Amino acid sequence: MLKHVTDYHYPGSLEEAASLHDRESRSFFIAGGTALALSDSKRPVELIDVGELGLDELGLDEAEGKIEIGATTSIQRIVEHQGIKSVLNGFLSESLEEIGSYPIRNAGTLGGSLVHPFPWSDVVTILSVLDTEVTYFHNGERKTRDFSRLYEDDFRSELNESVIEKLSIDLEDETSAAASFRKFNRSEFDVAALNLACRINHDQGEIVEARLAAGARPMLAERANEVEEELTGEKLGPELARKAGNMAAQVFELGDDKKISGEYRETLVEKMTADAIKGIYQEVST
Amino acid sequence: MNLEATINGEELTLEVEPGEVLLDVLRRNGFKSVKEGCKTGDCGACMVLVDGRAMTSCTLFAAQVQGAEIKTVEGLNDELAESLRENFLDKGAVQCGFCIPGVLISAYSLLSSNADPTEEEIKAALDGNLCRCTGYVKQIEAIKETAEELGDS
């Protein structure tokens, strides 16, 4: 628990929230509260509650081919959304359902998962393989950036100091795409010891574009560009899945932490990559 | 600072510290069914309903529930709650009892939105509740029995 919260603000607008944040350097935005409430920081901080700013819109716009998710939308609301359940054959809702437990998903928000992303974040890994844009306020300016640029330092530091407004997921290529999410954790609602997401766009089984991301390596999720390039143009199948697994184990930077060793992670990445691609192949073949 | 919230149907104004979690505020104000277990959101002993959704009160700042409707087990008094209580007793689903308020909140939340859950759905709803005594089998049976009873009525 944060023991030194000196003030708690309820701003009436995004602009007011941003200006409160600019004024107080040791301040945090709060919506779900899950992570911040568990922080053991002993430095004085102020909290700025953005939970009531109406940033919890959630909609699937089939005509536009987009899902719009307000930053303070709880993970569980996305899981329960009927329209989203059919997106990428359930990929988004089923993978988000792997996060924590029901009460944690009720409190945790998508925006909160991105402002200060944890290395083991499932959300970052999942969104890494989708066409996601993030809209946020930074220094009084409204900006929209491609989520894949999260790995660039300037974007990460900007997000740390921003109010995230919403995420937008483009579903334009969805009809010819399939995706899979894999997670290894020590108990049902423990955080990931390794997570992996794969999305394949294909033309009758031939890979047009591949995305592969792994998180909790134990570092924050990253994409395996070399594996993605190798997969492009290939025909989906069990042999390709095995080959991609071998390659992923070489390409991903993996390390030790108190959960599991780097060596264990290497074996897991190989198996999870192969299983994810096999699963996609089976889905595409039926 | 003041927290204004409806707790178990009563509109209350409570004095809270900006950094206090909801669990501490509820217990200080006499809602003792809300238990402190892990205080890290893992065990579910402190589970409450916030605007109808089950959440762990140890991971929420009290100030976050400004204007919200909070329910603890003490405030569950309808047919569903009564049936759950009876079935938990009949099935022997309660042993030491420490986790039970949280388990009842999860079960109540599930059956409020899904009157006929599958066993898998019941297990998923209890994901956030740790019980070291029962092994969950009797609790799952009690929830199933409640769903059947209320479905028949």
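Note on A:ASP275, B:ASP42, A:ASP154, A:ASP22: ascending count of other Cβ atoms within 10 Å places them as A:ASP154, A:ASP22, A:ASP275, B:ASP42, the fewest first. Using bins of 5 Å that start at zero, the share of Cα-Cα pairs per bin across segment B:2-74 amounts to 4, 19, 32, 30, 13, 2, in whole %. Kirkwood radius, the protein assembly as shown, all distinct C-alpha pairs, inverse of mean reciprocal distance: 23.0 Å. Over segment A:58-170, the reciprocal of the mean inverse Cα-Cα separation, the Kirkwood hydrodynamic radius, stands at 14.2 Å.
Here the Karplus relation 6.51 cos²θ - 1.76 cosθ + 1.60, evaluated at θ = phi - 60°, turns the backbone of segment A:252-264 into coupling constants of 5, 7, 10, x, 8, 8, 5, 6, 8, 7, x, 5, 4 Hz, with x for every Gly and Pro. Potential lengthening of the chain between A:ARG43 and A:ARG242 amounts to 66.7 nm, from the contour at 0.36 nm per residue minus the alpha-carbon distance. Considering only trypsin sites (Lys or Arg not before Pro) in DSSP loops that have at most 14 other Cβ atoms within 10 Å, the longest stretch of chain A without any of them is A:43-185. Less than 18 Å from a label point 7 Å out along the Cα-to-Cβ axis of B:CYS38: which backbone N atoms in segment A:246-276 qualify, by residue? Flagged as within label range: A:258-260. Mean residue ellipticity at 222 nm, helices only, the protein assembly as shown: -10000 deg cm²/dmol; runs of at least 4 DSSP H residues each add -39,500 (n - 2.57), and the sum is divided by the number of residues. Taking all Cα pairs closer than 8 Å and separated by 6 or more residues, the relative contact order of chain B comes to 24 percent. Backbone geometry of segment B:132-140 corresponds, through the Karplus equation with coefficients 6.51, -1.76 and 1.60 at θ = phi - 60°, to 3J(HN,Hα) couplings of 8, 9, 8, x, 6, 4, 5, 5, 5 Hz, x marking Gly and Pro. Give the calculated FRET efficiency between A:SER19 and A:GLU226 to the nearest 0.05, with a Förster radius of 51 Å applied to their Cβ-Cβ distance. Calculated value: 0.70. Computed over segment A:38-142, relative contact order equals 19 percent, with contacts defined as Cα pairs under 8 Å that lie 6+ residues apart. Using only Cα atoms, tell me the angle between helix A:238-251 and the longest principal axis of chain A; keep it within 0 to 90° and round to the nearest 10. On a 0 to 90 degree scale, this one is about 50. Oblate is the label for segment A:5-49, because the ratio a/c of its alpha-carbon gyration tensor axes (a ≥ b ≥ c) is 1.5 or higher and a/b is not greater than b/c. The modelled label-to-label distance for the pair A:GLU206/B:ASN77, using points 7 Å beyond Cα in the direction of Cβ, is 7.1 nm. Highest GNM mean-square fluctuation among A:ALA107, A:ALA216, A:ALA179, for chain A modelled with Cα contacts below 10 Å: A:ALA107.
Straight-line cross-link reach from A:LYS259 at under 29 Å between alpha-carbon atoms covers these lysines, not counting any fewer than eight positions away in the same chain: A:LYS3, A:LYS42, A:LYS183, A:LYS243, A:LYS271, A:LYS278, B:LYS35, B:LYS39, B:LYS123.
Taking label positions 7 Å along the Cα-Cβ direction at both A:SER86 and B:GLN95, the computed distance is 4.6 nm, reported to one decimal.
Read-outs throughout are calculated quantities, based only on the coordinates presented, and are distinct from any laboratory measurement. Quantities reported herein were computed from a predicted structural model and do not represent experimental measurements. Glycine also receives a Cβ, built like all others from the backbone with ideal geometry; neighbour counts cover every protein chain displayed.
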